[in-house]
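Asks: Below is the structure I would like to discuss, written out as structure tokens.
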């Protein structure tokens, strides 16, 4: 008794189907890549126009001047805060400094 290797298809039909699938995937990839690239370029152009807009550039300069003006204050604040953190004791250190040291000798009573 022999069993067919394919059910309802000849080997040529299967290979043709695979080839059509691969060609379809390839065409979809190429068209999608082109559309994707075109959309990317459109977004890039729009972003460039926005960035180069005189109103945006005016705000950029305003923010840069503000940051340059406030930078020394921020540096001082961070330095002072860091010093306070380093000088502050941790909760474990505070607890250890409050408790008296336990005596190193202990006595045990023996029952006779």
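What follows is calculated from the coordinates using simple rules that are stated; it is not laboratory data. Just so it is clear, the structure is predicted and the values come from calculations on it, not from any experiment. With ideal geometry, Cβ positions are generated from the backbone for all residues, glycine too; neighbour counts draw on all protein chains shown.
Asks: With r defined as the distance between the Cβ atoms of residue 73 and residue 52 and R0 fixed at 41 Å, what FRET efficiency is calculated, to the nearest 0.05?
Replies: So the FRET efficiency works out to roughly 0.80.
Asks: Here's a follow-up. Modelled label-to-label distance, residue 16 and residue 85, 7 Å Cα→beta-carbon offset: nm?
Replies: In this crude label model, residue 16 to residue 85 measures out at 7.3 nm.
Asks: If you don't mind, another one. Starting from the Kirkwood Rh over alpha-carbon pairs, what translational D in µm² s⁻¹ does segment 11-86 have by Stokes-Einstein at 37 °C and 0.692 mPa s?
Replies: D, rounded to a whole number, is 179 µm²/s.
Asks: To the nearest 0.05, what FRET efficiency results for residue 33 and residue 61 with a Förster distance of 41 Å applied to their C-beta separation?
Replies: Given R0 = 41 Å and the Cβ-Cβ separation, E is 0.55.
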